[in-house]
Every structure is written in C-alpha cells, then in structure tokens.
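First comes the structure, then the notes that go with it.
The values are calculated or read from the model by the stated rules, or taken from the named source; none is laboratory data. Nothing here was measured: the structure is a model prediction, and the numbers come from that model. Ideal geometry is used to build each Cβ from the backbone, glycine not excepted, and the neighbour counts take in all protein chains shown.
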Amino acid sequence: MFQIRAKLLYNKQVADNYFHCAVSASKIAWQALPGQFVNIKVSDGIEPLLRRPFSVHRVNGSGVELLYEVVGQATEVLSQKKAGGYLDIIGPLGNGFSYESQGHKATMSPILVAGGMGVAPLIFLAEKLREITNPKSQIPGTVLIGAKTKKHILCEKEFKKLGYEVRIATDDGGRGFKGYVSQLLKNTLGAGSYELRAKIYACGPKPMLKEVAFISHQYSIPTQVSLEEHMACGIGACLGCVVNTKEGYKRVCKEGPVFNADELVW
C-alpha cells in the first residue's frame, strides 16, 4: 500500500454522468490486482472530508485507470478535475479476484457478470483472464452486462475487443434481454452450454449479487463477488464497511471487497 500524490493524465466523460480517468502512479500500478481499489481524496480542502473508494479499472504501464459515475459531491468534484492536476491516492487496497497464474493453461470457462458500474473492476480481470487463455485464438469467456437502459451500457466494446462473447440485459428491454442481468445468467446457465468447470465473477449492486450467488449455488458453480459498500477509512480501521459471513463479520475494505459468494450471509 502506498500513499501517492498522483498526476491526473486525463479525465474524460464517456457517457451521461460517467467518466474515465487515469493517474500516473507507478508503484500502485505495479502491485494492483483485479478487484482491488484505491482511496482518493478528491479535494485539497476539508470538503468533502472523507476519501472515496474507486475500483482499479485498468492498469496501463505506470497509469492506473478509473471508471466512475457522478453520484454525489465527491464524484462531482472529481469530474471537474483537469489533466495536469494532482490527486492524493492510497492503494492498492483490499483483496482482489483469484484466478490462475499467468503462464498456465486456463482450466475454467469464466463468466463475468456486471451490473451497472460493476463493469469497472471486471475489465482489468478480463484482461488478465485473456492472458492465460490457451490458445489465444479461442473465446476467453462470456460477459453479461446489465444496465437500466441502453444508454447506461458500459464497456461493451472493450470486452468484445478482448475477444469475449458479450450479452446484454436492460431493465426496460431497450437492448438485449429485457430484465435483470441475474435472470440472463440463469437463462444462460439453463441453456446447458457451460461445463462444470465454469467459474463466475460478479460485481454490482448487492441485490444483484445475492441473486447471482443463489443461482450459482443451484448450479454448483464457484463464484466470486466484489461488494460495493460505503467506506470511511478504506484501510480496515473504522469498521464502517463490515459484512456478515459464515465466519463472522469481515471488513469489505480489508478482507474484501472480493469474497467467495458462498461464504457470505446474504
């Protein structure tokens, strides 16, 4: 874990209320794993007082990329930052996804399930899984993206560029399957096209993750979920982000944000 005053390389709007930025933070970039996050102080003043957590979206050389939605004061302030400015960043934080080490033949068929901003950490994971897919020409896995409307679909092109099969679910049926992405997952598994060696990685709102956990349990598929929780310190000291597990309460910022779905008490 490092605390760095990182230079903002760019900060661009990619859709309504959605922004993509990158900071120069080589120490964090070299150590970050998919599913980990950084904690950012978006202002040099006292407002907003607390840092905000952001999933590591991608790592590009010494750059750390973030994808975020403007939902409150802190993200509004961040969205107004210009390239060349600096941000106080702590990271990488938390535990990330578990996947096979690079250099070994992949032995699972990954299914990535993203709800809304849940796509943010899954691009980084998709890149790592692509690296260990053997042969490189085969489809590395399937990505299921859920969004409110077609205007809220994020990162579809990025996943396709990596070679993934991408399926879309929208709440209003404006694009792809009409309904929740968890139902799309159930339909996909019910089609019987996935082997027992499948593995699910999911990130999104807690109700969605609960459904994904229930469905994956029905099909006996190992599943990891990345929880989205409000955090204060981000380093495990304040106990403000605890969740109930079968082994007692655990901190999302420290023992998580990635957990095995079957260890959580939903």
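Before moving on, here are some points about what is shown:
- Counting only residues that are surrounded by 14 or more Cβ atoms within 10 Å (Cβ to Cβ), without any contact (Cβ under 8 Å) to a residue 40 or more places away in the chain and within 28 Å of Ala74 (Cβ to Cβ), region 241-266 holds 6 of them.
- Residue-level analysis places Lys206 outside the set of residues that are over 19 Å from Val113 (Cβ atoms) and either in contact (Cβ under 8 Å) with a residue 40 or more places away in the chain or out of contact with any Pro (no Cβ under 6 Å at 6 or more places or on another chain) (or both).
- Here region 4-45 is the region considered, the condition is being touching a Cys at 6+ places or on another chain (Cβ under 9 Å) and crowded, with 16+ Cβ neighbours inside 10 Å, and the residue that is nearest to Glu76 (Cα to Cα) is Asn11.
- Strands (runs of 3 or more DSSP E) fully within region 155-266 that include at least 1 residues being hydrophobic (A, V, I, L, M, F, W, C): 165-170, 198-203, 223-226, 242-245, 258-260.
- Among residues of region 219-240 that are in contact (Cβ under 8 Å) with a residue 24 or more places away in the chain, those with a beta-carbon under 9 Å from a residue that is among the acidic types (Asp, Glu) at least six positions away or on a different chain give the pairs Pro222/Asp262; Thr223/Asp262.
- Val143, sole failed condition from (1) without any contact (Cβ under 8 Å) to a residue 60 or more places away in the chain; (2) closer than 19 Å to Val14 by Cα; (3) under 16 Å from the mean Cα position of the chain (by Cα); (4) in a strand (DSSP E or B): (2)
- Residue list for region 45-70, restricted to those being over 27 Å from Lys128 (Cβ atoms) and over 17 Å from the mean Cα position of the chain (by Cα): Gly45, Ile46, Glu47, Pro48, Leu49, Leu50
So that you can scan it fast, the table gives a plain yes or no per residue for (1) modelled with pLDDT of 95 or more; (2) more than 30 Å from Pro48 (Cα to Cα):
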residue	(1), (2)
Tyr180	yes, yes
Gly190	no, yes
Gly204	yes, no
Pro207	yes, no
Gln224	yes, yes
Glu228	no, no
Ile235	no, no
Thr245	yes, yes
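- Top-ranked residue in region 4-18 [being of a type outside the set (A, V, I, L, M) and modelled with pLDDT under 95; ranked as nearest to Lys82 (Cα to Cα)]: Asn17
- Qualifying residue in region 187-204 (condition: touching an Asp or Glu at 6+ places or on another chain (Cβ under 6 Å), surrounded by 14 or more Cβ atoms within 10 Å (Cβ to Cβ) and not polar (S, T, N, Q)): no
- For region 71-84, the criterion of being part of a strand (DSSP E or B) and farther than 13 Å from Lys7 by Cα is met by no residue.
- Qualifying residue in region 36-48 (condition: farther than 17 Å from Phe124 by Cβ, touching a helix residue (DSSP H, G or I) at 6+ places or on another chain (Cβ under 7 Å) and not polar (S, T, N, Q)): yes
- Residue match in region 39-57 (condition: over 20 Å from Ile235 (Cβ atoms), touching a residue at least 24 places away in the same chain (Cβ under 8 Å) and not in a loop (DSSP other than H, G, I, E, B)): no
- Residues of region 146-176 classified as of a type in the set (Gly, Ala, Ser) and surrounded by fewer than 17 Cβ atoms within 10 Å (Cβ to Cβ), total: 3
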